[in-house]
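I have placed the structure first, in the form of C-alpha cells, so that the comments after it can refer back to it.
The values are calculated or read from the model by the stated rules, or taken from the named source; none is laboratory data. For clarity, every value in this text was computed on a predicted model and none was experimentally measured. Reconstructed Cβ throughout: ideal geometry from the backbone, glycine too, with neighbour counts over all protein chains shown.
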Amino acid sequence: MIDLRLLREDPDRVRASQRARGEDVALVDSLLSADERRRSSGVRFDELRAEQKALGKLIPKAAGDEKAELLKKAGTLAADVKAADAERDAAAAETQELLGRLSNLVHPDVPVGGEEDFVTLETHGTARDFSAEGFEPKDHLELGQLLGAIDVERGAKVSGSRFYFLTGVGALLELALVNAAIAQATAAGFTPMLTPALVRPQSMAGTGFLGQAAQDVYHLEKDDLYLVGTSEVPLAAYHMDEIIDADRLPLRYAGFSPCFRREAGSHGKDTRGIFRVHQFDKVEMFSYVTPEESQAEHQRLLEWEKQWLTSLELPFRVIDVASGDLGSSASRKYDCEAWIPTQGKYRELTSTSDCTEYQSRRLQIRVRDGKTVRPLATLNGTLCAVPRTIVAILENHQQEDGSVRVPEVLRPYLGGRELLEPVAQ
C-alpha cells in the first residue's frame, strides 16, 4: 500500500497514477474522505476520553445533588465515548480497505497505455533465418514429441487442459535449467531457497495477489490456504512483521517452487503445447533494499536476467512495460521477451518489478537505520520460468533432423550432452 501522508500531500499524483493504470480514479477521493473521518473521529474520541477521565476524578470528591449530576453526566459521556470509539474503528477499517484496493504509484518514466504500448529498450542476438538454412522450423510441441520430452495428451487425461508431463530428456532439461539458474544466482550472491507452495491469506494479500490477480489464484477453501503463482509470495512474506537492521541489506533470495495459475482470462490463448499452463516450476529472484536503492537494484535484476538469457544463446528484447499492464504491486516493470520462431514474435520469458514500499507496508516489514524505523523496498525478478524457457530453447536451437543443440551453459548439467536427439517412435 502507499503512504497515506503522500496521498494527503499530493493526491493529484495518486490520481494520475490511477488514471495511467486505467483504474478507478474516484477511489482516491473516497480514500481521502475515509481518512479524514478516521482522523477527525480519532480526535473526537481522544477529547471525550480526556473529558471522561477528568470527570472521573471529580466524582469521588462530590456529594449529594452535585454527585448525582456528575454521575448522570458520566453515563452520557460513557455512551458518547463508546460511539466515538465505534466511529473511529469503522473509519479506520474503511480507510484500510480502500487503501488495500489502491495500486502502487506508477514510476513517472513508465510509458502510459495498455499491453501494446510498451517501449523496446534493447534487442539482443539475431533470430535465425530458417528459410536460408533450407528447412521449416517445427514448433516446440512437435519437437518435444520427437524428443520424447513433452506429453500433453496424458497431461490432459490425468489433470485436464493446460497440464503436461515432461518425460525423458524433457525432465532432464528442466533439472538442468533449474540447477544452472540457481548456480548463476548463487554466484551473484543470492541465497537459494526452497519455498512453500501453500500460503496463508495475509501472505497472498500482502504481496498484492488478491486484488486484480485474484481470478488467477487457486484457493483451498477448507484450509483457507492459497497455492502460490510465484515464489515471490513466500519470499516477500518471509520477513513479514519484522524489523531488519540496515547493515543486513541488501537481502537477496533465489526461490525455487512450483507455481499454480488458473489462467482464468486466457481462454483460447496459447492452447497448444506448454507455453501457458496451470502448473510450472520457476526460479525467482527477490531483493530487500532501502527505498533509495530500489531503482539501482531493479537495473541489477534486469542485468542478471539478461545474463541468463544470453547464456542460453537466445535472441531476446527488453521492454519497458506500459502503465496499464503493470501488476498492482509494481511501480515499474521490465520484461525480457525471447524470439519464438514458429510464432514469428517475441514472447515474455522473464520479468522484473520494482515494488518500492508497497508490499513492505502491507506485510509490516521495516528497516532500522540508526534511530529511524521505516518501510523498505522489495523487488522481484524471474530468472527461469521453466516451460517457456524450454519452448524457446527447443525452437531456437532445433536442427533440421529434429534434434536440438544444447546451449553450452547447460551441458555440464546434462552429462556433457551437446544434442537432444529424437527417440524411436
Checklist entry - Applying the selection to region 239-256, what residues are closer than 11 Å to residue 288 by Cα and in a loop (DSSP other than H, G, I, E, B)? => result 239, 249, 250
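Let's see how each residue does on (1) out of contact with any strand residue (DSSP E or B) (no Cβ under 8 Å at 6 or more places or on another chain); (2) crowded, with 16+ Cβ neighbours inside 10 Å; (3) on the phi < 0 side of the Ramachandran plot:
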site: 122; (1), (2), (3): no, no, yes
site: 136; (1), (2), (3): yes, no, yes
site: 153; (1), (2), (3): yes, no, yes
site: 162; (1), (2), (3): yes, yes, no
site: 172; (1), (2), (3): yes, yes, yes
site: 205; (1), (2), (3): yes, yes, yes
Item to check | Among residues of region 223-274, those that are surrounded by 21 or more Cβ atoms within 10 Å (Cβ to Cβ) and over 18 Å from the mean Cα position of the chain (by Cα), counted | outcome: 2
Item to check | Filter result for residue 202 (in a helix (DSSP H, G or I) and farther than 22 Å from residue 230 by Cα) | outcome: no
Checklist entry - Got a sec? Which of 87, 94 is assigned by TED's automatic domain parsing to the domain that holds residue 13, in contact (Cβ under 8 Å) with a residue 60 or more places away in the chain and part of a helix (DSSP H, G or I)? => result 94
Checklist entry - Just one of 246, 213, 264, 254 is in contact with a Gly (Cβ under 9 Å, 6 or more places away or on another chain), closer than 22 Å to residue 198 by Cα and of a type in the set (Gly, Ala, Ser); which is it? => result 213
Checklist entry - Quick one: which strands (runs of 3 or more DSSP E) sit completely within region 325-420 and have at least 2 residues that are in contact (Cβ under 8 Å) with a residue 24 or more places away in the chain and within 30 Å of residue 134 (Cα to Cα)? => result 332-340, 345-354
Checklist entry - Name the residues in region 1-60 that are among the acidic types (Asp, Glu) and over 30 Å from residue 117 (Cα atoms), would you? => result 9, 35, 36, 46, 47, 51
Checklist entry - What helices (runs of 4 or more DSSP H) completely inside region 110-195 contain at least 2 residues that are within 21 Å of residue 300 (Cβ to Cβ), in contact with a helix residue (DSSP H, G or I) (Cβ under 9 Å, 6 or more places away or on another chain) and in the same structural domain as residue 259 (by TED's automatic domain parsing)? => result 169-187
